[in-house]
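Let me begin by presenting the structure, written as structure tokens, before commenting on it.
Laboratory data are not the source of any read-out in this text; all were calculated from the coordinates shown. Note that the coordinates shown come from a computational prediction; the quantities given were computed from them, not determined experimentally. Virtual Cβ from ideal backbone geometry, glycine too; neighbours counted across all protein chains shown.
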Protein chains: 2
Amino acid sequence: MAKPPNPARRSESSRQAILAATGELCSQVGYGRLTIEAIAARAGVSKKTIYRWWPSKGAVVLELLGETATIATAPPDTGDLAADLHTMLTEIVDILTRDSAGTGVISEALNDPDLARDLRERLIQPGIDAFKQRLRRAQDAGRLHPDADLDVALDLLYGPIYHRMALHLGMPGPAYLGSLITHALRALTPPTPH
Amino acid sequence: MAKPPNPARRSESSRQAILAATGELCSQVGYGRLTIEAIAARAGVSKKTIYRWWPSKGAVVLELLGETATIATAPPDTGDLAADLHTMLTEIVDILTRDSAGTGVISEALNDPDLARDLRERLIQPGIDAFKQRLRRAQDAGRLHPDADLDVALDLLYGPIYHRMALHLGMPGPAYLGSLITHALRALTPPTPH
DNA sequence: GATAAACGACACGTGTCGTGTCGTCAGGAG
DNA sequence: CTCCTGACGACACGACACGTGTCGTTTATC
């Protein structure tokens, strides 16, 4: 029934004020205590304006994350696979460590299928594609087993990060990240190189 | 100020009614829509009684999960390490797949440090201990590299499950679980067996 | 410059939260 | 067996955030 708004007439300044207010409030009070009302008040904006363009608080934070995302852009390729993986994994660890926006959206998406779809399509899947793209190059270069399953590779490399996040086991530091990468690569490399 | 209640005089029947109502409602409407008020109404109990013994909805669901937890009990040991790991991982996958209680508590704990502490102490850590206990036996039997880091092993094996849960990548089936275990074990086994 | 619609403001009903109050009832202590 | 403390069910309460509706005002497109 409610006719969809016309994006051409959308106020860009309001949009940016909303995202800015969301970021500030989220880092101040945390994602859990973040409310639409507070965002509207801080941004000097009517609640109606927020609800006109976003379905939920999670969607706003998701868009905020998307604004500053370098994730999905082309993955690093220095020739050193382990180093490149370390770079990519570190970026995720940083996002999940910096403030509560990242973990907040993930936690909300666990109970909100619509938000989950948005999250996957707009942030996760591009990251996965970039990751697999990098691994495929390594495979072509003979650095990985030719039959290696890239889904397994993804799970082995990124799994530990989300495991430790979900269960509050402490986020991995650089050294431990290196150890994880070493082990994962061992599982994906031909057993007898020599 | 609020004096702590006396557990000796606690009504066991109310407690069980609350947990039962929580389970029924959670599977009906999902964890996200579960409310303390609804639990109280369904259990025929005053809200005050719930708040007297639990600090939050998450704590109630956590206790419910603890009631039916086989997780922390002694891990299986058939002699076949891969098969035992498959059994253990399958149990977690089942819990996270069955209803929304498991993922609900995990998602809530991401934004609630107190709940996170309870979750880790009462469910996660015992499970980790049992897992490491089983792996240590495998290590003693020479099935694992003597220097293998059991924290890495934990991350490689359980990580993929939580990774796929958090990012809605689809929970692994038995076959894929087997593939993950094979790869993880390859990373933890002496490189040149022969 | 006209006009349609997005905007800020504000009010509204709803639902849930967490707490307070009160009379009742049960189960340990003596 | 009786007393008496305190947990119980019931209900009311204020606070808060939700999501929607209304109404002038403003703004950007045509």
Next item on the list: Counting other beta carbons within 10 Å of each Cβ, put B:Thr97, B:Thr49, A:Thr103, B:Thr78 in order, fewest first.
Entry: B:Thr78, B:Thr97, B:Thr49, A:Thr103
Note to self: For the protein assembly as shown, what does the helix formula give at 222 nm: sum of -39500 (n - 2.57) over DSSP H segments with n ≥ 4, over the residue count, nearest 500 deg cm²/dmol?
What the structure shows: -20500 deg cm²/dmol
Next item on the list: Taking chain A as the reference, fit the longest principal axis to its C-alpha atoms, fit the long axis of helix A:150-166 to the helix C-alpha atoms, and give the angle between the two in degrees, 0 to 90, nearest 10.
Entry: 50
Next item on the list: Please sort by residue number the chymotrypsin sites (Phe, Trp or Tyr not before Pro) in region B:21-63 whose DSSP state is loop and whose Cβ has at most 10 other Cβ atoms within 10 Å.
Entry: none
Check: Given springs between every Cα pair under 10 Å in a Gaussian network model of chain A, which of A:Ser11, A:Ser27, A:Ser46 has the largest fluctuation?
Finding: A:Ser11
Item checked: Relative contact order %, region B:68-188, counting alpha carbon pairs below 8 Å whose residues are six or more apart -> 33
Margin query: Could you tell me the extents of region B:9-53's C-alpha atoms along the three principal axes, largest first, rounded to whole Å?
Written below: 32, 15, 15
Checklist line | Relative contact order (percent, whole number), region A:1-73, Cα cutoff 8 Å, 6+ residue spacing | finding: 34
Notebook entry, point to check: Between B:Ala175 and B:Lys47, what length comes free when the chain is fully extended (0.36 nm per residue of separation minus the Cα-Cα distance, one decimal in nm)?
Noted result: 41.5 nm
Checklist line | Inter-chain shielding of B:102-108 (mean C-beta neighbours from other protein chains, 10 Å cut-off) | finding: 4
Item checked: Helix A:12-29 axis, angle to chain A major axis (alpha carbon atoms, nearest 10°) -> 70
Notebook entry, point to check: For peptide B:147-160, how many partner chain Cβ atoms fall within 10 Å of a residue's Cβ, on average?
Noted result: 6
Check: What is the distance in Å between the Cα centres of region B:1-50 and region B:131-170?
Finding: 36
Next item on the list: Can you tell me the FRET efficiency between A:Arg117 and A:Ala69 if r is taken as the Cβ-Cβ distance and R0 is 22 Å, rounded to the nearest 0.05?
Entry: 0.80
Margin query: Please compute the modelled spin-label separation between B:Glu91 and B:Asn6, points set 7 Å along Cα→Cβ, answer in nm with one decimal.
Written below: 3.9
Margin query: Tell me the Kirkwood radius of region B:68-188: reciprocal of the mean inverse pair distance over distinct alpha-carbon atoms, in Å.
Written below: 15.1
Checklist line | Cα-Cα P(r), the protein assembly as shown, percent of pairs per 10 Å interval | finding: 4, 20, 28, 24, 15, 6, 2, 0
Checklist line | Cα-based helix-to-principal-axis angle, B:100-109 vs chain B, degrees rounded to 10 | finding: 90
Margin query: Given points 7 Å out from each Cα along the Cα-Cβ axis, report the B:Asp129 to A:Lys132 separation in nanometres with one decimal.
Written below: 4.2
